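Below is one structure; the comments refer to it alone.
The values are calculated or read from the model by the stated rules, or taken from the named source; none is laboratory data. What you see is a predicted model, and the numbers here were worked out from it, not measured in a lab. We place every Cβ from the backbone using ideal geometry, glycine too, and count neighbours over all the protein chains shown.
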């Protein structure tokens with residue numbers, strides 16, 4: 001199997017740079033997900049690894065081989081496209097056997113290999129059908145089959161699930177993960193869906209405007225975001241951001257929003273020392289905001305504030321409360337039995353141990 | 001009450017629909033009659049005696065019916081040779097045009113090279129130049145090559161088509177780029193993509209172009225007339241003029257010969273009718 005290394009990789013289209021100096025190391029057998037909003041350069045990066053786009057600057061290595069000038073077919077990689085890209089004039093069998101035929105495998109070997117992959121994906125019944133006679137999910141399977149039949153070093157997936165309906169997507173997500181465990185191969189997967197990234201990836205690479213903001217495992221990305229963008233992009237509902245002034249009073253440091261003041265914990269205090277009388281962004285996830293009435297934690301001193309409920313969204317297992325302080329609005333994820341009503345003023349608690357503070361200019365995480 | 005009005009309005013709508021359809025059919029029928037009349041007159045004349053062509057009032061049903069006009073026409077000139085020439089030339093030109101046009105169209109649609117679009121528009125612009133203008137220079141060129149009165153002269157200048165390139169380019173551009181990328185990943189070269197993916201997916205467009213080209217060449221009169229001298233190189237449309245003298249025209253034989261010439265084309269048309277309409281719809285042009 002294989003590892004992939006990107007060194008200072010850039011991609012320019014005419015005068016616009018869409019991928020800016022990317023450095024990334026994908027380990028052997030790793031499921032690496034490139035995720036970001038549309039236009040962030042994730043697909044371009046994938047296409048450069050595939051060899052479908054030239055690399056403007058930098059180097060791409062697969063194993064120890066510099067592949068910048070190696071044709072896609074000689075890189076020993078397979079790609080699954082968003083549109084599946086099945087050849088409409090070829091049957092499922094021919095679609096799967098095409099690459100093997102071009103590589104000059106003997107007929108018997110091709111038969112064996114296609115059969116093996118077809119069995120793995122449950123495609124045996126469909127081998128003689130044309131793509132137009134298949135459902136979306138079946139096409140997706142064939143596209144997968146076409147990739148795995150070649151036993152490549154690296155699999156590239158370009159938003160392979162985005163054309164499926166929600167239910168099928170969840171199902172395929174699990175299947176892809178199973179497939180990865182079974183094949184034990186390196187996978188690079190592009191998606192714009194952060195849930196897909198979180199659930200599938202061993203490593204998540206969060207990109208925006210052609211730059212990698214963070215590349216880490218899902219837990220790290222969720223609990224220790226590198227910057228404000230990552231904190232806002234990962235998780236649903238997104239992290240709440242509140243602009244505050246750092247103030248010092250009685251040797252304690254507080255964040256002053258204007259309508260409320262919260263005290264920072266010791267860890268934050270050390271880092272925020274240099275930000276006194278400066279503005280920062282407080283980032284707190286919805287599950288770390290509690291209704292004081294139901295809060296089971298003990299120490300709430302300096303962490304509570306009053307807010308008005310604007311909207312209540314019951315989701316069954318839980319509720320989203322849209323709260324406002326008059327200056328800022330934010331979402332709290334509370335238990336389903338919470339009785340808060342619209343327009344009611346409630347006292348809420350910020351779990352400051354789980355909150356983050358970001359620099360207002362660089363947007364980098366301070367703590 | 002309301003029900004009745006609904007019923008009534010539906011009935012009125014239906015009547016208007018029928019009226020509209022009737023008018024359309026009447027107009028179309030009239031036009032098709034106008035179109036088919038010369039054709040019927042040709043068949044009628046081909047079966048008449050020589051003296052009965054210009055009788056007044058014109059007779060549509062010949063009496064007596066003279067079938068031997070066909071035999072006579074066939075024997076009067078080397079028709080067999082003309083047939084072979086026509087089929088051979090039309091076939092080669094069709095193969096040539098489909099090949100060159102599809103290769104050029106693939107380059108213009110999918111390959112990236114500097115000045116591609118400018119070159120394409122320049123190529124398209126050649127469609128604006130009437131054939132009569134290039135006729136003489138090409139003739140002189142062929143004369144210097146010593147190709148006059150050969151198959152090469154009949155085939156090669158016709159084996160390229162800006163129209164065909166344009167039509168196929170438009171079609172190729174509708175083929176998803178992902179398919180091409182997939183083929184590249186699977187190990188196809190540029191030509192492999194053209195051969196294995198683009199061409200098989202373009203069968204309707206290729207058939208349309210082939211049909212247009214074949215028929216256009218089958219009917220081509222001017223060019224074969226200019227570049228052929230000897231009887232053995234003439235094609236059917238040129239051969240037909242043998243029945244037209246300077247002062248007299250043998251109408252019955254000419255018409256009989258015309259019917260013979262028309263048969264293959266009619267067969268091609270009947271089988272490939274759908275490609276005609278498709279081709280016109282696809283390119284917004286008539287071949």
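Residue by residue, here is whether (1) more than 14 Å from chain B (Cβ to nearest Cβ); (2) within 24 Å of residue A:184 (Cα to Cα) holds:
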{"site": "A:6", "(1), (2)": "yes, yes"}
{"site": "A:39", "(1), (2)": "yes, no"}
{"site": "A:44", "(1), (2)": "no, no"}
{"site": "A:61", "(1), (2)": "yes, yes"}
{"site": "A:71", "(1), (2)": "no, no"}
{"site": "A:77", "(1), (2)": "no, yes"}
{"site": "A:100", "(1), (2)": "no, yes"}
- Task: Kindly indicate whether any position in region B:86-98 is in a loop (DSSP other than H, G, I, E, B), touching a residue at least 60 places away in the same chain (Cβ under 8 Å), in the same structural domain as residue B:155 (by TED's automatic domain parsing) and exposed (fewer than 15 other Cβ atoms within 10 Å of the Cβ).
- Result: no
- So which of B:201, B:154, B:206 ends up being under 30 Å from residue B:233 (Cα atoms) and within 14 Å of chain A (Cβ to nearest Cβ)? B:206
- Task: Take residue A:110 and decide whether it is under 16 Å from residue B:184 (Cβ atoms), away from chain B (no Cβ under 11 Å) and without any contact (Cβ under 8 Å) to a residue 40 or more places away in the chain.
- Result: no
- Item | Residue, farthest from residue A:102 (Cα to Cα), within region B:170-189, restricted to residues that are more than 11 Å from chain A (Cβ to nearest Cβ) and either out of contact with any helix residue (DSSP H, G or I) (no Cβ under 7 Å at 6 or more places or on another chain) or surrounded by fewer than 19 Cβ atoms within 10 Å (Cβ to Cβ) (or both) | B:170
- Query: Taking the stated definitions as given, is residue B:200 free of Cβ contacts under 8 Å to residues at least 60 places away in the same chain, in the same structural domain as residue B:109 (by TED's automatic domain parsing), more than 30 Å from residue B:141 (Cβ to Cβ) and surrounded by fewer than 19 Cβ atoms within 10 Å (Cβ to Cβ)?
  - Reply: yes
- From the option list A:25, A:53, A:59, single residue qualifying as without any contact (Cβ under 8 Å) to a residue 40 or more places away in the chain, in contact with a strand residue (DSSP E or B) (Cβ under 9 Å, 6 or more places away or on another chain) and assigned by TED's automatic domain parsing to the domain that holds residue A:196 is A:25
- Query: Among the residues of region A:151-166, is any more than 29 Å from residue A:35 (Cβ to Cβ), within 14 Å of another protein chain (Cβ to nearest Cβ) and surrounded by fewer than 18 Cβ atoms within 10 Å (Cβ to Cβ)?
  - Reply: no
- Count of residues meeting criterion [over 24 Å from the mean Cα position of the chain (by Cα) and part of a helix (DSSP H, G or I)] in region B:244-260: 3
- Message: Among the residues of region B:165-185, are any within 22 Å of the chain's Cα centre (by Cα), assigned by TED's automatic domain parsing to the domain that holds residue B:212 and farther than 30 Å from residue A:72 by Cα?
- Response: yes
- Failed criterion for residue B:239 (all others in (1) surrounded by fewer than 21 Cβ atoms within 10 Å (Cβ to Cβ); (2) at pLDDT below 90 hold): (1)
- Which one is nearest to residue A:288 (Cα to Cα), of the residues in region A:235-269 that are loosely packed, with under 15 Cβ neighbours inside 10 Å and without any contact (Cβ under 8 Å) to a residue 12 or more places away in the chain? A:266
